[in-house]
Structures are given as C-alpha cells and as structure tokens.
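Working notes, structure below.
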Amino acid sequence: MKHLANVRMLSLLSLFTGVAAFGQSAYPRYTPAPHYSANAGGGISTVQIVLIIGFALVFLLVMALFIGFIIFMNNKAKRDRELLIQAINQGREEGKSSLRATLHQLEDELERVRREVPNISADVMDEVTEIIANSQGKAQIMLIHMGGQRDSAVEHLLTRDPVTGKPKKVTIGKNQDSADIAIPWDSKISRPHCQICFEPELEGDHFYVFDMNSTNGVFVKRDTNGEFERVNGKCFLEDGYVLQIGMSNFRVLITQPVVTGEDQKLAPTVSSFN
C-alpha cells in the first residue's frame, strides 16, 4: 500500500510539472521593456526642443524682413527711375520750348540788323549771327566799317572780361601793340585814340566812347540826317550811331540779349524745331 501511494504521488507531481511546463511554453512570462529617461543615451530634452523651435522662428523672421527690404528697395528704385525719366522728358520739352523762343528772338534781332544795315554782306552777317547767338544773354556792341579798306567788316568789342564778367575797356588806335582795334593805315588816328567801355553802374546795358586826348578827336552822328558832333570827354552810344575816328567811319550796332538763361549758349547752325 505504501508503495502504491508513492507511485500515485510521483504521478501527480509529474502531471503538475508537465502542466507547468506547457503553461510556460504557451504563455511566456511578461517582461516589461526597459525604461529610458529623456537624458539617457544622448536624447533631446524639452528645453533643447524649445530652443530649436525658437531659433527657427527667429531665422524665419529675419528672412522675412530681408526679403521685405529687398522688395522695398526694388520698388523704390523703380519709382526713382520713373521720376527720373519723367523729369528728363519734362526738361526736354521745356528746353525745346525755351529754344524755340530763343530762336524766334534771334531771328527777330537778325531781321532788325538786316533792316537797319541793308548793305551788310553775307560774311559779316554770319559773323554777327555767331556773336549774337553766343552772347550768353548779354547785349553786345559791334562796330561795322563804313567804306575804306575794311568796308562792312565788323569789329566785336569785348567790353566784359570773359572770365570775371567785369567791364573791360576796348582801345582803338594806331599802335598795333597796345590797341585792341588797330587802324595803322589811317594817318589821322592817334596811337591811343579812344576807348569804348561798358557802364556797369547804370541799369541796363549802356556803352560809351571816351576820347583819350586824341589829336583829331572823336565825332558822333546820332541819326542819318544829322551832323557829326565832337565828343568832349565821354559820350553814351546807342544803336545806329555813326562814329568818326580819324578818316574811318563806323556804324554802331548794339544787339539786344536773346539767349534765355545765364549760361546757355546757342549754336548759330541750329535753325528751328518742327
């Protein structure tokens, strides 16, 4: 009996062992996955993630500002170009209008010269045209020879210094070294005979002739039918007067300023605009 009980106990033990083994093989024991902390193994912390996002936002903001600045500068350059083109076109139109007006004034003045000096030659007229056209808005005085060796020749009297603009005395005489206008063939002209000057103290353009104690004097005829009168000291000149210096007569030609703008010069070859 005792032997039979031991056999039964061994059988039950074997049964329980087999069941346990089957259960272990069918349902393995659960083992939780290992837990890693945020900082374990080189991971990224929450603070680092926030910093990365912040830097990205700042970068995007800077790029947006830069692109906006580029767009603003391009638009500004475009507007400046448009304004410049508009100003250039407006200046061209104003320049054309001013030039047309100047050309009309020039043509009127030249017509007056042709009318008052009907026997003036074409070459002298070309010279007078050039003098008037380049007068820079200032009246000019010229002497036109009447008869003699230089009949109809023109003498342009530069009564202003071309650099400073101050009055400059023009000397007429026999001495070729000291006279601005030398007439060596005229035996009745003194070495320094007279001077023609611009008077800056009077309003407007006024010119006068001054006798430099010449032997035979200076004479002025104020109109065509008048008589020559001797100059005592100085005498103011007007357009159309006739000067008698020695045996030479000169027709006084004073042109009116026709060029608008102090520094504007008009080329005499330009005729007109359509």
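Computed values, structure above
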item: Members of region 221-246 that are in contact (Cβ under 8 Å) with a residue 24 or more places away in the chain, in a strand (DSSP E or B) and farther than 22 Å from GLU201 by Cα; result: VAL242, LEU243, GLN244, ILE245
item: Residue within region 64-80 that is under 37 Å from the mean Cα position of the chain (by Cα) and of a type in the set (S, T, N, Q) present; result: yes
item: Every pair of residues 6+ apart whose Cβ atoms lie under 8 Å, when the first sits in region 122-143 and is closer than 18 Å to PHE250 by Cα while the second is surrounded by fewer than 19 Cβ atoms within 10 Å (Cβ to Cβ) and of a type in the set (Gly, Ala, Ser); result: VAL124/SER152; VAL124/ALA153
item: Subset of region 183-210 that is among the small types (Gly, Ala, Ser) and more than 42 Å from the chain's Cα centre (by Cα) - its residue that is modelled with the lowest pLDDT; result: SER187
item: When residues of region 91-118 are limited to those that are in contact with a strand residue (DSSP E or B) (Cβ under 9 Å, 6 or more places away or on another chain) and farther than 22 Å from THR159 by Cα, the one surrounded by the most Cβ atoms within 10 Å (Cβ to Cβ); result: VAL117
item: Residue among PHE16, PHE22, PHE66 that is in a helix (DSSP H, G or I) and modelled with pLDDT of 85 or more; result: PHE66
item: Conditions (1) modelled with pLDDT of 85 or more; (2) in a helix (DSSP H, G or I); number of the one not met by GLN105; result: (1)
item: Cβ-Cβ under 6 Å pairs, at least 6 apart or on other chains, region 169-180 side free of Cβ contacts under 8 Å to residues at least 60 places away in the same chain and under 17 Å from PHE250 (Cα atoms), far side surrounded by 15 or more Cβ atoms within 10 Å (Cβ to Cβ) and of a type in the set (Lys, Arg); result: GLY173/ARG191; LYS174/ARG191
item: Residue in region 123-133 that is within 29 Å of GLN244 (Cβ to Cβ), of a type outside the set (S, T, N, Q) and more than 34 Å from the chain's Cα centre (by Cα) present; result: yes
item: Test result for LEU143, in contact with a Leu (Cβ under 8 Å, 6 or more places away or on another chain) and at negative phi; result: yes
item: Hey, LYS221 surrounded by fewer than 18 Cβ atoms within 10 Å (Cβ to Cβ) and more than 19 Å from ALA153 (Cα to Cα) or not; result: no
item: Among residues of region 162-183, those that are surrounded by 19 or more Cβ atoms within 10 Å (Cβ to Cβ) and either basic (Lys, Arg) or within 22 Å of GLY137 (Cβ to Cβ) (or both), counted; result: 2
item: Residues (surrounded by fewer than 17 Cβ atoms within 10 Å (Cβ to Cβ), within 17 Å of VAL117 (Cβ to Cβ) and among the hydrophobic types (A, V, I, L, M, F, W, C)) located in region 224-251; result: none
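The values are calculated or read from the model by the stated rules, or taken from the named source; none is laboratory data. All of these numbers come straight from a predicted model, not from anything done at the bench. Using ideal geometry, Cβ is built from the backbone for each residue, glycine included, and neighbour counts are taken over all protein chains shown.
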